[in-house]
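To keep things clear, I will list the structure first and then write my remarks on it.
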Amino acid sequence: MSNEELKNVSVTKSIDARGTACPGPLLEAKKAIGTIKAGEIMEILSADEGTKVDIPKWCNKQGHEYLGTVEENGYFKIYMKKK
Amino acid sequence: MEEIQNTEIQRLQRELEVLKKKVSNLEDSRKDQLSIAIVSGDLDKILAAMVISVAAAAMDTQVKLFFSFWSLSALRDPKKCPKGKDFISKMFGMMLPKGTKKLALSNMNMVGMGPMMIRMLMKKQNVMSLEQMFKEAGELGIEIVVCEMSMNLMGFKKEELIDYPNLKFAGAATFVADASESSIQLFI
């Protein structure tokens with residue numbers, strides 16, 4: 001998805017994991033994924049560079065759909081759709 | 001002619017059976033599981049093991065940690081004082097770090113300055129503390145297996161180990177059995 005599309009996507013759940021470094025954001029994402037339904041979209045805010053690469057790997061393994069990452073000022077917004 | 005074809009088909013069928021069995025063995029033998037034998041008792045190495053474990057558990061990989069030798073120091077609870085140790089066990093107990101907060105670095109330890117600085121940096125950069133990682137590990141269902149032989153060798157007692165939800169005691173064969181069915185095996 002392009003940046004424009006991602007900015008307008010309707011997010012069911014947003015997790016702010018900017019206060020934690022690797023593997024904190026992944027752990028928070030794992031904990032939150034159980035609270036949304038299949039097909040719903042989750043956004044993960046992370047200031048950790050590694051997480052940007054890790055979340056797509058996690059999505060790939062679990063079968064979730066990784067939608068893309070938007071770079072903000074000093075952090076990333078990572079979007080994914082639950083399987 | 002027909003007979004030759006029949007025997008050929010039978011031969012192929014037998015071969016197919018053998019191959020099927022081999023494939024099913026391969027499929028069954030490796031689980032989505034991580035086994036780590038943790039032998040080092042250095043802060044940096046235990047940290048590495050725990051970061052990998054927590055990340056794996058977050059990815060729904062089953063994690064089994066086998067704690068042996070020096071790493072057992074990390075599982076000691078500083079608040080617990082077991083009774084009935086002999087002289088050598090007491091000496092060992094006194095000389096070895098009592099719990100995660102007392103662990104040294106494998107490099108740049110500088111009589112305890114190094115670990116202090118690392119912990120300060122970790123806090124500043126929002127990295128989970130080692131203690132927090134153990135707590136998360138427990139909640140994620142990560143299994144810790146304590147090597148009974150090395151625990152006895154170093155004179156540690158079960159009563160002085162941390163309260164961990166999934167703590168087991170076993171021997172090397174348990175690690176071998178767990179590791180053989182894991183898709184990832186590490187030694188730290």
(message) Suppose each label sits 7 Å from its Cα in the direction of the beta carbon; what would the B:Phe87-A:Ser14 distance come out to in nanometres?
(response) 6.8 nm
(request) Out of all DSSP beta bridges with both ends in the protein assembly as shown, state the antiparallel percent to the nearest 5. (result) 35 percent
(request) Calculate the spin-label point distance for A:Lys83 paired with B:Gln13, positioning each point 7 Å from the Cα along the beta-carbon direction, and give it in nanometres. (result) 3.8 nm
(request) Could you give me the radius of gyration and the Dmax of the protein assembly as shown, taking only the C-alpha atoms into account and expressing both in angstrom? (result) 24.1, 86
(request) Mind checking the full-extension length gain between B:Lys168 and B:Arg30? Use 0.36 nm per residue of separation minus the Cα-Cα distance, one decimal, nm. (result) 47.5 nm
(request) Could you tell me the largest-minus-smallest coordinate of the C-alpha atoms of chain B on each of the three principal axes, in descending order and whole angstroms? (result) 85, 43, 29
(message) At a 10 Å Cβ-Cβ cut-off, how would you order B:Arg14, A:Arg18, fewest neighbours first?
(response) B:Arg14, A:Arg18
(message) Could you list B:Thr100, B:Thr174, A:Thr35 so that the one with the fewest beta carbons within 10 Å of its beta carbon is first and the one with the most is last?
(response) A:Thr35, B:Thr174, B:Thr100
(request) Please report, in debye to the nearest 20, how large the charge dipole of chain B is about its Cα centre when each Lys and Arg carries +1 at its beta carbon and each Asp and Glu carries -1 there. (result) 1280 debye
(message) Helix-only estimate, please: 222 nm mean residue ellipticity of chain A, summing -39500 (n - 2.57) across DSSP H runs of length 4 or more and dividing by its residues, to the nearest 500.
(response) -10000 deg cm²/dmol
(message) On alpha carbon coordinates alone, what is the Rg over Rh value for the stretch A:1-78, Rh being the Kirkwood radius?
(response) 0.92
(request) Among DSSP beta bridges whose residues both lie in chain B, state the antiparallel percentage, nearest 5. (result) 5 percent
(message) Compute a Gaussian network model of chain A, connecting alpha carbons closer than 10 Å, and tell me which residue from A:Gly34, A:Gly24, A:Gly68 fluctuates the most.
(response) A:Gly34
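Values quoted throughout were computed directly from the atomic coordinates according to the rules given, and no laboratory measurement underlies them. Just so you know, these numbers come straight off a predicted model, no measurement behind them. Neighbour counts run over all protein chains shown; Cβ positions are idealised from the backbone, glycine included.
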